[in-house]
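J.: After the structure tokens below, expect a handful of questions from me.
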Amino acid sequence: MQKGILPQQAIKGLIDDGVIMQTASGQGRAGGVEGDLPPLVQPASLDLQLGTTAYRMRASYLPGKGETIEDTLGALCLHSIDISNGAVLETGCVYLIPLKEALALPKDLSAAANPKSSTGRLDVFTRVICDGATRFDAVPSGYHGPLYVEVAPRTFPILVRPGDRLVQLRFRSGEPHVLNTQTVSIDLKGVDESGIVGWRARRHSGLVDLRDIAGHNARDYWEPLTAPDGQLVLDPEEFYILASQEAVSIPQDQAAEMAPIAPEIGEFRAHYAGFFDPGFGLDEAGGQGSRAVLEVRGRDVPFLLRHGQSVAKLVFEPLSEKPAGLYGGEGSHYQSQGLRLSKHFAL
């Protein structure tokens, strides 16, 4: 196998070979593909599905080397919630949910996780955990066992059901190999004629049903922002949706991840969901002029952002082979995006 990020046809091969398994309940025991929804494979990633139970936790944690989630869960679990018929995950709480997928990775294959784009834009903090984990969002090569996701809604309570997809997994053969990077800066002049340069989340605005696409009035959840002088003050602990000044284009033989440009650039965090499949922004895949949407949270003190200020970087990696399809090839909510809220909101 060539080194690099695996494309969709290779991921489908892992499913066929039993390297990726799906359980009916999401309780971490491998079996046939029995879930409510079939696996959803993107051009270079796999969407992971929630199981049937959410554990309300006292705190986030990692099991540590040699320990399993099942054996260590009890010390931190406050109670369990059956989400089979839908359940609301509240803001300010931490939940641990078994995923429907389990893995039996060979020794030359590892995996890494990211929140999906819509998850980040809802200000839902997620991290994938496996047995023996000493790091979040990382599955080591040769891992055999279940997967779990930590879910912590920050601004909006969310209605979830089994099969909902909050996170995605990409598979890597060999060690990470960075091809190049692209700096991403903030656009505070506006990507269209509306004059809106961003959105600030309204607190206490009601829940979001993850399966109700375009079913929520955006103005009930978000406050539009303008910046006539090209400047915007971020308030501490408020959540913002902003757009990059640069158009972003991911070649068909590469994938990219958003990463911090430097920890000392200011009192804010500029991204939550940061994986870009091959074809995002490519003209031939219908992505002309696509911007990167940034999920931004202010931290300890008010912070002044200026138009064109660098806030993050894109890190490009090669694919092990060209994918069978490109991002946007079968339709996408975020191809050709400018300043775009999550797919759950309608203006």
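J.: Return the pairs, sorted by first residue and then second, in which the second residue is among the acidic types (Asp, Glu) and in a loop (DSSP other than H, G, I, E, B), the first residue lies in the range 275-292 and is more than 11 Å from residue 332 (Cα to Cα), the beta carbons are less than 8 Å apart, and the residues are 6+ apart or on different chains.
T.: Short answer, once both residue conditions are applied: 278/253; 291/187.
J.: Does any residue of the range 78-86 turn out to be of a type in the set (S, T, N, Q), out of contact with any Gly (no Cβ under 6 Å at 6 or more places or on another chain) and under 24 Å from residue 15 (Cβ atoms)?
T.: No.
J.: Further question on the same structure: Which count do you get for residues in the range 158-175 that are farther than 16 Å from residue 45 by Cα, modelled with pLDDT of 95 or more and open to solvent by 30 Å² or more (accessible area, probe 1.4 Å)?
T.: Of the residues in that region, 2 qualify.
J.: Does residue 327 meet the test of being at pLDDT below 85 and in contact with a Gly (Cβ under 7 Å, 6 or more places away or on another chain)?
T.: no
J.: For residue 136, work out the one condition from (1) closer than 20 Å to residue 96 by Cβ; (2) buried (at least 17 other Cβ atoms within 10 Å of the Cβ) it doesn't fulfil.
T.: Result: residue 136 fails condition (2) only.
J.: Among the residues of the range 37-52, which ones are small (Gly, Ala, Ser) and either assigned to a strand (DSSP E or B) or under 22 Å from residue 91 (Cα atoms) (or both)?
T.: 51
J.: Would you confirm whether or not the range 162-180 contains a residue that is in a strand (DSSP E or B), more than 30 Å from residue 12 (Cβ to Cβ) and of a type outside the set (S, T, N, Q)?
T.: Scanning the range 162-180, I find no residue that is in a strand (DSSP E or B), more than 30 Å from residue 12 (Cβ to Cβ) and of a type outside the set (S, T, N, Q), so the answer is no.
J.: Just give me the residues in the range 98-130 being open to solvent by 10 Å² or more (accessible area, probe 1.4 Å), in a loop (DSSP other than H, G, I, E, B) and within 22 Å of residue 168 (Cβ to Cβ), in sequence order.
T.: 106, 108, 116, listed by residue number.
For every residue, the table says whether it meets (1) under 27 Å from residue 238 (Cα atoms); (2) over 21 Å from the mean Cα position of the chain (by Cα); (3) at pLDDT 80 or above.
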| residue | (1), (2), (3) |
| --- | --- |
| 262 | yes, no, no |
| 291 | yes, no, yes |
| 317 | no, no, yes |
| 342 | yes, no, yes |
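J.: Among what's in the range 80-97 and is among the aliphatic types (A, V, I, L, M) and open to solvent by 30 Å² or more (accessible area, probe 1.4 Å), pick the residue that is nearest to residue 132 (Cα to Cα).
T.: So, considering only residues that are among the aliphatic types (A, V, I, L, M) and open to solvent by 30 Å² or more (accessible area, probe 1.4 Å), the one nearest to residue 132 (Cα to Cα) is 94.
J.: Take the residues in the range 53-79 that are part of a loop (DSSP other than H, G, I, E, B) and touching a strand residue (DSSP E or B) at 6+ places or on another chain (Cβ under 8 Å), then tell me which one is farthest from residue 130 (Cα to Cα).
T.: Among those that are part of a loop (DSSP other than H, G, I, E, B) and touching a strand residue (DSSP E or B) at 6+ places or on another chain (Cβ under 8 Å), it is 58.
J.: Now, a different point. If you take the residues in the range 203-216 that are over 20 Å from the mean Cα position of the chain (by Cα) and modelled with pLDDT of 95 or more, which one is surrounded by the most Cβ atoms within 10 Å (Cβ to Cβ)?
T.: Going through the qualifying residues, I end up with 216.
The values are calculated or read from the model by the stated rules, or taken from the named source; none is laboratory data. Remember, predicted model here, so these are calculated numbers, not experimental data. Cβ sites come from the backbone with ideal geometry, for glycine too, and all protein chains shown count toward neighbours. For the accessible areas, the whole protein counts, side chains as well, though only heavy atoms, and no ligand, DNA or RNA atoms are used. Shrake-Rupley method; radii C 1.70, N 1.55, O 1.52, S 1.80 Å.
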